[in-house]
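Remarks on the structure that follows.
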Amino acid sequence: MIQYKTEQMTVFESALFQTTSAVIETKDCVIVVDPTWLPHEINEIKQHVQEILNHRKLYVFFTHGDFDHVIGYGAFLELNATFIGSKFLEHHPDKEEKVQMIKQFDHDYYIKRSHDIIFPELDIVVTENEQHITLGETSITCYFAKGHTNDGLFMIVDDSI
């Protein structure tokens, strides 16, 4: 399932739609981007994170609120992750619909998950475009990315990692 790997980043690719999830490592934190799709795939991402985390802080970054991008949220609650997303994700107008889409998908394909299916609650909310956020000693800059969805967000991690 690992599609690409460097010293600082591992990209996981799902069997479904070739959807990707990234795990970024800095000296003081680990950032997971959109942990997604099938239970064994989310578990592989989670296991990788547990193997590399050591004493670093864990962050989970959501690029947008489509159900396939937030499907792994519940799996990272027990790891005491800090969750990051846009103000548009925080105030998503269809949260319950997205949760129902996950539940319907799981029902249709007889999928059982070991974590609760709930829409993400954010700890860090990006409220403005080009917002700088400091995660320990790691700096990220977040940009709104409306287009595919109204709640789209991407980040650039300081290149000093």
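The values are calculated or read from the model by the stated rules, or taken from the named source; none is laboratory data. In this text the structure is predicted, and so the values were computed from the model without any measurement. Cβ coordinates were reconstructed from backbone atoms using ideal geometry, including for glycine residues, and neighbour counts include every protein chain displayed. Note: accessible area is taken over every heavy atom of the protein model, side chains too, but ligands, DNA and RNA are not part of it. Shrake-Rupley method; radii C 1.70, N 1.55, O 1.52, S 1.80 Å.
How many residues, within the range 30-50, are of a type in the set (Asp, Glu) and in contact with a Gly (Cβ under 6 Å, 6 or more places away or on another chain)? So the count comes out to 0. Taking residues in the range 32-53 that are in contact (Cβ under 8 Å) with a residue 24 or more places away in the chain, and partners anywhere that are open to solvent by 10 Å² or more (accessible area, probe 1.4 Å) and of a type in the set (Gly, Ala, Ser), the pairs with Cβ atoms closer than 7 Å and at least 6 places apart or on different chains are Val33/Ala22; Leu38/Ala15; Pro39/Ser114.
Restricting attention to the range 45-68, the residues that are farther than 22 Å from Ile140 by Cβ and within 14 Å of the chain's Cα centre (by Cα) total 2.
Assess whether Asp34 counts as being acidic (Asp, Glu) and in contact with a strand residue (DSSP E or B) (Cβ under 7 Å, 6 or more places away or on another chain). Answer is yes for this residue. Residues in the range 106-137 that are touching a Cys at 6+ places or on another chain (Cβ under 7 Å) and either assigned to a loop (DSSP other than H, G, I, E, B) or polar (S, T, N, Q) (or both): Gln131, Gly136.
Strands (runs of 3 or more DSSP E) fully within the range 1-105 that include at least 1 residues being surrounded by 14 or more Cβ atoms within 10 Å (Cβ to Cβ) and modelled with pLDDT of 95 or more: 9-13, 20-25, 29-33, 57-61, 82-86. Inside the range 83-109, can you point out the residues that are touching a residue at least 40 places away in the same chain (Cβ under 8 Å) and hydrophobic (A, V, I, L, M, F, W, C)? Listed by number, the residues that qualify are Phe83, Ile84, Phe88, Leu89. Here Lys112 meets the list (1) loosely packed, with under 14 Cβ neighbours inside 10 Å; (2) free of Cβ contacts under 8 Å to residues at least 12 places away in the same chain almost entirely, failing just condition (2). Among the residues making up the range 64-82, those that are over 25 Å from Thr127 (Cβ atoms) and either without any contact (Cβ under 8 Å) to a residue 40 or more places away in the chain or in contact with a strand residue (DSSP E or B) (Cβ under 7 Å, 6 or more places away or on another chain) (or both) are Glu78, Leu79. The listed residues are Gln100, Gln50, Gln104, Gln18, and the only one of them that is of a type outside the set (Val, Ile, Thr) and closer than 23 Å to Val157 by Cα turns out to be Gln50. When only residues in the range 123-161 that are in contact (Cβ under 8 Å) with a residue 60 or more places away in the chain and in contact with a helix residue (DSSP H, G or I) (Cβ under 9 Å, 6 or more places away or on another chain) count, which is most open to solvent (accessible area, probe 1.4 Å)? The extreme case among them is Asn150.
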